[in-house]
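One structure is given below, encoded as structure tokens.
The values are calculated or read from the model by the stated rules, or taken from the named source; none is laboratory data. What you see is a predicted model, and the numbers here were worked out from it, not measured in a lab. Don't worry about glycine lacking a Cβ; one is built from the backbone with ideal geometry, like all the others, and counts go over all protein chains shown. Note: accessible area is taken over every heavy atom of the protein model, side chains too, but ligands, DNA and RNA are not part of it. Shrake-Rupley method; radii C 1.70, N 1.55, O 1.52, S 1.80 Å.
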Amino acid sequence: CAGFPLSIFFIIINEFCERFSYYGMRAVLVLYFKYFLHWDDNLATAIYHTFVALCYLTPILGAIIADSWLGKFKTIVSLSIVYTIGQAVLSVGSINDLSDHNRDGSPDNVALHIALSMIGLILIALGTGGIKPCVSAFGGDQFEEDQEEQRSTFFSLFYLSINAGSLISTIVTPNLRATECGIHTKQRCYPLAFGVPAILMAVALIVFVVGSRMYKKVKPQGNIMLQVCKCIGFAIKNRFRHRSKEFPKREHWLDWASEKYDKRLIAQTKMVLKVLFLYIPLPMFWALFDQQGSRWTLQATATNGDFGIPVQPDQMQIVNPILIVIMVPVVDSFIYPLIKKCKINFTPLKKMTVGMFLASMAFVAAALLQVQIDKTYPVFPAAGQTQIRLMNLGSVPATVQFQPQLQSVDVAPKEVVNYMVFKTSELQSLNVTSGSQHETESLEGLLEGKRYTFAFQGFGTDIVSNWLFDNVTSKPEEGKNLIRFINSYGSIANVTLDGEAVGLLPPLNASNYITISGGNQKHIIKSVMSLSSCTVSSKKFGFGSAYTISINDCTQGTLNITYFEDIPPNSVHMAWQIPQYFLLTCAEVVFSVTGLEFSYSQAPSNMKSVLQAGWLLTVAVGNIIVLIVAGSSKLSKQWAEYVLFAALLFVVCIIFAIMATFYTYVDPNEIEAQFDEQEKKDKKDQDYREKEGEADSKM
């Protein structure tokens, strides 16, 4: 088809569906851990990065199976089946109704859901990692030697399908997660968010198998990685055997493998090890880079995602692929040529050093943003403390005196004095004075570490009051809002919200908190009081807020209400994450793209798979670093952890820059040409000796 083997279109469609499946599932994974399995941020982050690390360790296994045993086609099919089963198991494990026997909205057997989720993720890691090194290479096998141009176009289309699958799935699956579904109770729809990627993976498998008869299937020819490992192992073992001083030293320790392995393999292994040595500092870059899907997504949950339409926290990850599409041509077409015109020798290793520095600065930006987010968090009482808020629901100013002579506060009508902190042991009573009315309330029953609202109102000659226990101990999760109603009217109020009953509220009594979705939508509040029915449209509550709404009275069918802010909404906009995404994407462009280019330019033609395995291994180790830090960190502030990672990468950046100055660039083709020339010469000498031997025998 247009000069291309028809089989490659099945491979490209397969890759698009597989990448949609993987990135779609991964986009919502950390929020699934936090909000469905109810793990804390550190455990959710640690398990997330354990999974990603496993996804980058298994490609080595996949490559060995394909090259030494099954071949690429059978490996892709076999592991894709494992992959599809894993996605299905994960989707089933996220079904709330699977163990919610009492129908209270929470799983009764969390261990069952955790077990199914972990089994699913292990199977997914084996599948996605195992086929990773096989699919692109299998696509390359479909072309003949004289189709170099078509092969190059294929790899461009292949890379495009990866980014298209990633971009589309990162938009779609968070929206699926944000919808509500369930048989008995409505919950965030994780089964759908995981189920759609599972279906796409099944489609990927079917499409790949359908093209089976069209594929050019190359038989397994042995894995070069195993040969390299055996060569290194023999050299170490042989050197250890001949460690005595009586054996002369050799120019390089790998030369001790010359008794068993030919000089070409030893020379190629030397070149590979030289590059792999430079890989040692690289995991630190990936430790920061892959936190886009964990720490940065969790950071986004504490921001305001109103972009005109609500943007889910896990959708912010699309900024990276969008910026990649923009930045790669900009950097290649404008930045690099400009640097070249300035006569700056911007070598690949210098580019990678700059990439590390930019990633470090991205985490400095993340830390600065986190400081601003932390300022918006409410401060809850510590041990030995009690917080009290005063709410005057009457129409007359009041003065509240805390005894014994602790504090005197004036409270305006229909106003609230925000939470004041007291030592619980010092609280005895409070006196309320409103006009000519007085009341004394005992405070000895208040508990330490708790928040209370003292609501009061003058009725006739008396002051009526009520203590409200404010049982909200953190900002609402997932950007949702909490609202409750208090009746400041003189008779019972029957309150409904969006047609759903809230309850019958006697005067100065409050309802329980009700969870509503975050965003800019309004809600209809209705109250029936003294045979009159009144409605009003609420304000926009934003994301992550809690409000107490006072039901005051009714004017010509319109309900009069007053809003009291219990917890302020998220005020830092999600768009403030864009600078850190921009810096990290720039870092990726000059680090990752250049790193692969450098590795391939410094490796012999038959050793590129070894360096690819080494490169993927640095990603795995980087994720292991994150899970170690997340699991053992004693830092109480998230911004401090960001600064720690930024500082670590900056130090590693300096070390890498020093290592790079001592690296000498080589031309593998030139070295291999020398070996080819030497082999031709040796063959001529051998042929000449054989002819001489034949001549001597005839004489």
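Rounded, prolate or oblate: pick one for the chain, where a ≥ b ≥ c are the square roots of the eigenvalues of its C-alpha gyration tensor, a/c under 1.5 means rounded, and failing that, prolate if a/b is larger than b/c, else oblate.
Values: a/c = 3.05, a/b = 2.36, b/c = 1.29.
Note, shape of the chain comes out prolate.
In whole percent, and with a 1.4 Å probe on the protein chains, what portion of the accessible area of region 1-132 is carbon and sulfur?
Working: 3270 of 4610 Å².
It is 71 percent, rounded to a whole number.
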Problem set entry | For region 379-470: accessible area per residue (Å², 1.4 Å) | 48
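For the chain, give the share of DSSP beta bridges that are antiparallel, in percent and rounded to the nearest 5; count only bridges with both residues there.
On the way: 65 of 79 bridges.
Antiparallel bridges: around 80 percent, rounded to the nearest 5.
What is the sum of charges, Lys and Arg at +1 and Asp and Glu at -1, for the other residues whose Cβ falls under 11 Å from the Cβ of residue 465? It would help to have the intermediate numbers written out before the result.
Details: positive: none; negative: 439, 441, 462.
Overall, the nearby charge balance is -3.
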Seminar exercise, completed: Ranking 656, 542, 25 by how far each Cα lies towards the positive end of the charge dipole of the chain (+1 on Lys and Arg Cβ, -1 on Asp and Glu Cβ), the top one is 656
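Using a 1.4 Å probe on the protein chains only, how many percent of the accessible area of region 441-596 belongs to carbon and sulfur? List each step's numbers first, then the result.
Working: 3460 of 6530 Å².
That fraction is 53 percent.
Dipole of region 1-222, Cα-centred, from +1 at each Lys and Arg C-beta and -1 at each Asp and Glu C-beta, to the nearest 20 debye?
Numbers: 15 positive and 16 negative charges, 50 e Å.
Around 240 debye, computed over region 1-222.
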For this session: Quote the charge dipole size of region 379-470 about the Cα centre in Debye, to the nearest 20; the model charges only the Cβ of Lys and Arg (+1) and of Asp and Glu (-1).
Result: 220
Problem set entry | Phi-based couplings in Hz for region 566-582 (Karplus 6.51, -1.76, 1.60; Gly and Pro marked x) | 7, 10, x, x, 4, 9, 7, 6, 4, 4, 5, 7, 4, x, 5, 5, 4
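Rounded to the nearest 20 debye, what is the charge dipole size of the chain about its Cα centre when +1 sits on each Lys and Arg Cβ and -1 on each Asp and Glu Cβ? Intermediate results must be reported in sequence, preceding the final value.
Values: 57 positive and 58 negative charges, 312 e Å.
That gives a dipole near 1500 debye.
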Exercise. Under a 5 Å amide H to amide H cut-off, with H placed in plane at 1.01 Å, what residues pair with residue 389 once short-range neighbours are removed?
Worked result: 420, 452, 453, 454
Problem set entry | Karplus (6.51, -1.76, 1.60) ³J(HN,Hα), θ = phi - 60°, over region 623-630, in Hz, Gly and Pro reported as x | 5, 5, 4, 5, 5, 5, 5, 5
Exercise. Where does the chain land at 222 nm, in deg cm²/dmol rounded to the nearest 500, when only DSSP H runs of n ≥ 4 count, each adding -39500 (n - 2.57), divided by all residues?
Worked result: -17000 deg cm²/dmol
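What is the percent carbon and sulfur in the accessible area of region 154-264, measuring with a 1.4 Å probe over the protein chains and ignoring ligands? Write out the running numbers ahead of the final one.
Numbers: 4140 of 6670 Å².
Taking all protein chains in place, region 154-264 shows 62 percent carbon and sulfur surface.
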Problem set entry | Integer Hz, Karplus 6.51/-1.76/1.60 couplings in order for region 495-506, x for Gly and Pro | 9, 10, 10, 6, x, 8, 5, 8, x, 8, 10, x
Problem set entry | residue 572 long-range amide H proximity, modeled H, under 5 Å | 304
For this session: Please name which of 122, 208, 48 has its Cα lying farthest along the dipole of region 1-222 towards the positive end, using unit charges on Cβ (Lys, Arg +1; Asp, Glu -1) and the Cα centre as origin.
Result: 208
Problem set entry | Taking the chain and dividing mean pair separation by its residue count, relative contact order in percent (alpha carbons under 8 Å, at least six apart) | 17
Exercise. For region 392-519, what proportion of DSSP beta bridges, expressed in % and rounded to the nearest 5, is antiparallel?
Worked result: 95
Problem set entry | For region 88-223, accessible area per residue (1.4 Å probe, heavy atoms of protein chains only), Å² | 47
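Let me know the longest stretch in the chain that avoids all GluC sites (Glu not before Pro) found in a DSSP loop with at most 14 other C-beta atoms within 10 Å. If you can, show how the numbers build up before the last one.
Numbers: sites that count: 144, 145, 246, 251, 259, 444.
Longest stretch, sites excluded: 445-699.
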Problem set entry | Net charge over other residues, Cβ less than 13 angstrom from the Cβ of residue 248 (K, R count +1; D, E count -1) | +2
Exercise. What net charge is computed for the residues neighbouring residue 380, neighbours being all others with C-beta under 14 Å from the C-beta of residue 380, Lys and Arg scored +1, Asp and Glu -1?
Worked result: 0
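Say a site is exposed when it is one of the trypsin sites (Lys or Arg not before Pro), sits in a DSSP loop, and has at most 11 other Cβ atoms within 10 Å; what is then the longest site-free stretch of the chain?
Within the chain, the longest run free of exposed trypsin sites (Lys or Arg not before Pro) spans 344-633.
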Seminar exercise, completed: Among 504, 561, 520, the residue whose Cα sits farthest towards the positive end of the charge dipole of region 474-569, when +1 is placed on the Cβ of each Lys and Arg and -1 on the Cβ of each Asp and Glu, is 520
